[in-house]
Amino acid sequence: MYPLRRNRRLRATESIRSLVKETIISPNDFLVPLFVVEGKGIKEEIASMPNYYRMSLDQITKEVKELWNMGLKSVLLFVKVPDKLKDNKGTEALNPNGLMQRAIKSVKDACPQMLVMTDVALDPFSKYGHDGIVFNGKILNDETTSILAEMSLSHAKAGADFVAPSDMMDGRIFEIRTLLEDEGFFNTGIMSYSAKYASAFYGPFRDALDSAPVDLKDVPKDKKTYQMDYANREEALRETLMDVEEGADIVMVKPGLCYLDIVREIKDAVTVPVAVYQVSGEYAMLKAAAERGWLDHDAVMLEQITAIKRAGASIIASYFAKDVVKLIS
Ligand code: PBG
């Protein structure tokens, strides 16, 4: 009770504030998404993601060494697939010599201790831009999950430490875990995109990988039959608890900032680590506002990352990872 308690005492100086700070950001918090393309010497900026790049394998190896030296020890790989290799079933995703499989090996060769996680979903390989097989205007579930399991196995064989299914099909975690166990990949982990919302914040990412759903008759225009309705909260718990039961080592909430209520609830409901993906649209918004001089880039970035961690994230996938680490070190 005032005046016995004066809360401002604990805010009076920088020294006392740092002593009582509850949430501290470090390089260990981050998972760095990387966009891989075919070719040599390629480092092209993504138009809607200033200062973020698609890179060919030779550039990726340089990048991971730089990340490692900064204390960033985990990457999440995505590939941009040439149109001619896309079909409805993601056939190219299973190619043992495909871009993803080569990327995993290149990263491990360049930096053996770097933790490599891989995106598992059909969309970069789908001529329709969907995370599953399209049939008669619908996305097939069980046919898709068997391909996702094969894809995960292929990544594990190439050397991936974790697979990260981002597709939101039902039952895929169980199917992936079962196949990995059957094939002896006991130590390959699964980071499940458990509560992934059908969000308009993924726009810049779809530009980066050219992976947006195509506008064709009999192809769903959005991902709302598999990604979650952003109006829903209980559904996120249901999805996440099921993924844990099915064998997920890490669960994830995506996007980040608009969903911190969900992050906290999931954090309180599970005993596995919770990851948050601060997505491309969140990155683009801050870059655009800062470019116009409307927001202080570094201050807002740190505030947002800290809020994500405070909400309960033990892992943050973020395009700001390098910027943050430079700022705090
Ligand atoms: C694809 C996938 C998406 C993202 C990660 N994996 C896009 C989508 O679901 O359409 C989005 C990441 C971002 O926006 O940064 N399965």
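The values are calculated or read from the model by the stated rules, or taken from the named source; none is laboratory data. Fair warning: this is a prediction, and the values are worked out from it, not measured in the lab. Every residue, glycine among them, receives a Cβ derived from its backbone with ideal geometry; neighbour counts consider all protein chains shown. Surface areas here come from the heavy atoms of the whole protein model, side chains and all, with no ligands, DNA or RNA. Shrake-Rupley method; radii C 1.70, N 1.55, O 1.52, S 1.80 Å.
Which listed residue (Leu216, Ala248, Ala269) has the Cα farthest towards the positive end of the charge dipole for region 192-329, taking +1 on Lys and Arg C-beta and -1 on Asp and Glu C-beta about the Cα centre? In region 192-329, that residue is Leu216. For the chain, the longest principal axis of the Cα atoms and the long axis of helix 142-158 meet at an angle of about 80 degrees.
Only Cα pairs under 8 Å and 6+ residues apart enter the sum, and on that basis the relative contact order of region 198-272 stands at 27 percent. May I ask for the distance between the Cα centers of region 18-70 and region 226-260, given as a whole number of Å? Centre-to-centre distance over Cα atoms comes out at 25 Å. In this entry, region 176-249 is assigned a mean projected area of 6.9 nm², taken as a quarter of its C-alpha convex hull surface. For Ala321, the shell of other residues with beta-carbons less than 12 Å away shows a net charge of -1, using +1 for Lys and Arg and -1 for Asp and Glu. For region 62-78, 3J(HN,Hα) computed residue by residue from phi via the Karplus equation (6.51, -1.76, 1.60; θ = phi - 60°) reads 4, 4, 5, 5, 4, 4, 4, 5, 8, x, 8, 10, 9, 10, 10, 8, 10 Hz, glycine and proline entered as x. Does region 205-329 come out rounded, prolate or oblate, given a ≥ b ≥ c as the square roots of the eigenvalues of its C-alpha gyration tensor, rounded meaning a/c under 1.5 and, failing that, prolate meaning a/b above b/c? Taking the square roots of the gyration eigenvalues as a ≥ b ≥ c, region 205-329 is oblate. At the residue level, Asp142 shows approximately 100 square angstrom of accessible surface with a 1.4 angstrom probe and all protein chains present. Along each principal axis, taking the top coordinate minus the bottom one, the Cα set of region 1-57 gives 67, 23, 18 Å in descending order. For a distance above 13 Å, tell me the whole-number percent of Cα pairs in region 117-188 that qualify. Cα-Cα pairs of region 117-188 separated by over 13 Å account for 60 percent.
Under 5 Å from the amide H of Leu31 lie the amide H atoms of Ile316, Ala317, Ser318, each residue being 5 or more positions distant or on a separate chain, with H modelled from the backbone and absent for Pro and chain starts. If R0 is taken as 51 Å, the Cβ-Cβ distance between Tyr2 and Ala198 corresponds to a FRET efficiency of 0.60.
Seen against the Cα atoms of the chain and their longest principal axis, helix 234-246 is set at about 60 degrees. Semi-axes of the equivalent ellipsoid for region 105-253, computed as √(5λ) from the eigenvalues of its C-alpha gyration tensor and ordered from largest down, come to 25, 18, 15 Å. Plainly put, the chain has a radius of gyration that is 0.98 times its Kirkwood radius, both from alpha-carbon atoms, as the Rg/Rh ratio. Between Arg17 and Met285, the modelled label-to-label distance comes to 2.4 nm, taking each label 7 Å out from Cα in the direction of the beta carbon. Ranked by solvent-accessible area (1.4 Å probe, protein heavy atoms only, all chains present), the residues Asp215, Asp229 order from largest to smallest as Asp215, Asp229. Helices in the chain, meaning DSSP H runs of at least 4 residues, each add -39500 (n - 2.57). Divided by all residues, the mean residue ellipticity at 222 nm is -11500 deg cm²/dmol. In summary, region 271-318 shows an alpha-carbon radius of gyration equal to 1.26 times the 2.2 N^0.38 Å reference for compact globular proteins.
Summing Lys and Arg as +1 and Asp and Glu as -1 over all other residues whose Cβ lies under 9 Å from the Cβ of Thr23 gives a net charge of +2.
For region 220-269, a Kirkwood radius taken over Cα pairs fed into Stokes-Einstein (20 °C, viscosity 1.002 mPa s) yields D = 183 µm²/s. Under 5 Å from the amide H of Val36 lie the amide H atoms of Met55, Phe78, Val79, Lys80, each residue being 5 or more positions distant or on a separate chain, with H modelled from the backbone and absent for Pro and chain starts. Pairs from the table (Lys108/Lys196; Lys127/Lys322; Lys105/Lys309; Lys84/Lys221; Lys21/Lys196) lying more than 26 angstrom apart at Cα are Lys108/Lys196; Lys127/Lys322; Lys105/Lys309; Lys21/Lys196.
Most simply put, region 7-328 has about 20% antiparallel DSSP beta bridges, counting only bridges with both residues inside it.
For the set Phe174, Phe185, Phe125, the ranking by accessible area, highest first and with no ligand, DNA or RNA atoms included, is Phe174, Phe185, Phe125 under a 1.4 Å probe. With a Förster radius of 41 Å applied to the C-beta separation of Lys84 and Leu327, the computed FRET efficiency comes to 0.50. The relative contact order of region 195-329, computed from alpha carbon pairs under 8 Å that lie at least 6 residues apart in sequence, is 25 percent.
Axis of helix 172-182 versus longest Cα principal axis of the chain: the two differ by about 70°, to the nearest ten degrees.
As a length-normalised measure over Cα pairs under 8 Å and 6 or more apart, the relative contact order of region 1-103 settles at 27 percent.
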